[in-house]
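Engineer: I have a structure I would like to understand better, so I am pasting it below and will then ask my questions one at a time.
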Amino acid sequence: MSKTYEVCLEISGPTAMWTRPDTGSSPVSYVAPTFSAVKGIFESILRWQSVNVRPTRVEICAPVRFHRYTTNYGGPLRASDAMAKGASFQLYTLVLVNVCYRIYARAELAGHHPTTTSPPHAYHDAFNRVVERGQWFHTPCLGWKEFAPDYVGPFRPETRICETESHELPTMLRMVFDKMQRGTVKPSFFNKHNHPDLRVKKGVLVYA
């Protein structure tokens, strides 16, 4: 088995939305980012085809606070008569506000890459360099693209895990796609059968 290398960063912002797929047309956020959302944050910093970034855990570093949020949706999922009229759909959601997380992942060799080299080690070093410099592949987001962070970078010394946050999670979205790279849309979920410890415990969520 090839060696893996841990990468981590802190991210915070005024608003976040980690959408629960089971909440339909009035979506509600999970209390913590999903596996795929964390993967997306890391890959927004640095993305290499030779490396899979596999999220391992997230630490909630601010109290979980929900807030009602309304926006006008003008995309292709509107009703046909609304699209014909050029009308938008008013979308009611329940988002999180004033969030802060420390997120962790493993950099692993992608299966299609030659095993004679060591991209995870190089990725680990390159990731740490760009995080220190504040460089991004593209702008990270807190779930939805319009929810930009106010901080992305190394751990700040004043940040602490919010140990008062403990939440049961009967199920949680894992991945939207069926592969870590180059996949097709096929959502998968964590649940109590494949992840018996699926919960936020004293501010920490561990991904299976």
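The values are calculated or read from the model by the stated rules, or taken from the named source; none is laboratory data. Because the structure is a prediction, the values reported are computed rather than measured. Cβ: placed from backbone, ideal geometry, glycine included. Neighbour counts: every protein chain shown.
Engineer: Is it the case that the range 57-75 has a residue that's assigned to a loop (DSSP other than H, G, I, E, B) and more than 21 Å from Tyr151 (Cβ to Cβ)?
Structural biologist: At the first step, the residues of the range 57-75 found to be assigned to a loop (DSSP other than H, G, I, E, B) are 61-65, 74-75.
Then keep just the ones that are more than 21 Å from Tyr151 (Cβ to Cβ); that gives 74-75.
Yes.
Engineer: While we're here: Inspect all residues belonging to the range 178-186 and state whether any of them is part of a loop (DSSP other than H, G, I, E, B) and surrounded by 13 or more Cβ atoms within 10 Å (Cβ to Cβ). I'd like the intermediate steps shown before the answer.
Structural biologist: Within the range 178-186, the first condition is being part of a loop (DSSP other than H, G, I, E, B), and the residues that meet it are 178-184.
Applying the additional criterion that residues be surrounded by 13 or more Cβ atoms within 10 Å (Cβ to Cβ) yields 180-181.
Checked the range 178-186: at least one residue is part of a loop (DSSP other than H, G, I, E, B) and surrounded by 13 or more Cβ atoms within 10 Å (Cβ to Cβ).
Engineer: If you don't mind, there's one more thing I want to ask. Failed condition for Met172, given (1) under 17 Å from Val204 (Cα atoms); (2) in a loop (DSSP other than H, G, I, E, B); (3) of a type in the set (A, V, I, L, M), with all others met?
Structural biologist: (2)
Engineer: While we're looking at this one, here's another question. Identify all residues within the range 193-208 that are within 16 Å of Met175 (Cα to Cα) and not hydrophobic (A, V, I, L, M, F, W, C); write none if there are none.
Structural biologist: Once the filter is applied, which keeps residues that are within 16 Å of Met175 (Cα to Cα) and not hydrophobic (A, V, I, L, M, F, W, C), the range 193-208 yields Asn194, His195, Tyr207.
Engineer: From Thr34, Thr70, which residue is on the phi < 0 side of the Ramachandran plot and surrounded by fewer than 18 Cβ atoms within 10 Å (Cβ to Cβ)? Break it down stepwise before answering.
Structural biologist: On the way: Thr34 fails: surrounded by fewer than 18 Cβ atoms within 10 Å (Cβ to Cβ).
Answer to the check: Thr70.
Engineer: Let me ask you something else. Quick check on the range 176-208: of everything there that is under 19 Å from Pro33 (Cβ atoms) and charged (D, E, K, R), which residue is nearest to the chain's Cα centre (by Cα)?
Structural biologist: Arg199
Engineer: For the range 1-33, give me each residue that is within 19 Å of Asp150 (Cβ to Cβ), of a type in the set (Gly, Ala, Ser) and not in a strand (DSSP E or B). Talk me through it step by step, then tell me what you get.
Structural biologist: Narrowing the range 1-33 to residues within 19 Å of Asp150 (Cβ to Cβ): 8-18, 29, 32-33.
Still in the running and of a type in the set (Gly, Ala, Ser): 12-13, 16, 29, 32.
The answer is Ala32, and nothing else.
Engineer: Restrict the check to the range 13-27 and report whether at least one residue is small (Gly, Ala, Ser), under 16 Å from the mean Cα position of the chain (by Cα) and surrounded by 15 or more Cβ atoms within 10 Å (Cβ to Cβ).
Structural biologist: We begin by selecting, within the range 13-27, every residue small (Gly, Ala, Ser); these are 13, 16, 24-26.
Okay, now just the ones that are also under 16 Å from the mean Cα position of the chain (by Cα), so 13, 16.
Subsequent filtering for residues that are surrounded by 15 or more Cβ atoms within 10 Å (Cβ to Cβ) retains 13, 16.
Yes, some residue in the range 13-27 is small (Gly, Ala, Ser), under 16 Å from the mean Cα position of the chain (by Cα) and surrounded by 15 or more Cβ atoms within 10 Å (Cβ to Cβ).
Engineer: For Glu146, state whether it is touching a Lys or Arg at 6+ places or on another chain (Cβ under 6 Å), in a loop (DSSP other than H, G, I, E, B) and either exposed (fewer than 12 other Cβ atoms within 10 Å of the Cβ) or of a type in the set (Asp, Glu) (or both).
Structural biologist: Here the answer is no, as Glu146 does not meet what is asked.
Engineer: Follow-up question, since we're still on this one. Can you name the residue in the range 78-91 that is assigned to a loop (DSSP other than H, G, I, E, B) and surrounded by 10 or more Cβ atoms within 10 Å (Cβ to Cβ) and is also farthest from the chain's Cα centre (by Cα) among such residues?
Structural biologist: Just the residues of the range 78-91 that are assigned to a loop (DSSP other than H, G, I, E, B), to begin with: 78-79, 86-88.
If we keep only those that are surrounded by 10 or more Cβ atoms within 10 Å (Cβ to Cβ) too, we end up with 78-79, 87-88.
Details: Arg78: 26, Ala79: 29, Ala87: 31, Ser88: 28 Å.
So the residue we want is Ala87.
Engineer: Every residue in the range 44-80 that is more than 19 Å from Trp18 (Cα to Cα), without any contact (Cβ under 8 Å) to a residue 60 or more places away in the chain and of a type in the set (Lys, Arg), please.
Structural biologist: Arg78
Engineer: Moving on to the next point. Quick check: is even one residue across the range 123-136 part of a strand (DSSP E or B) and at pLDDT 90 or above?
Structural biologist: Pass one, the range 123-136, residues part of a strand (DSSP E or B): none.
No, because not a single residue in the range 123-136 is part of a strand (DSSP E or B) and at pLDDT 90 or above.
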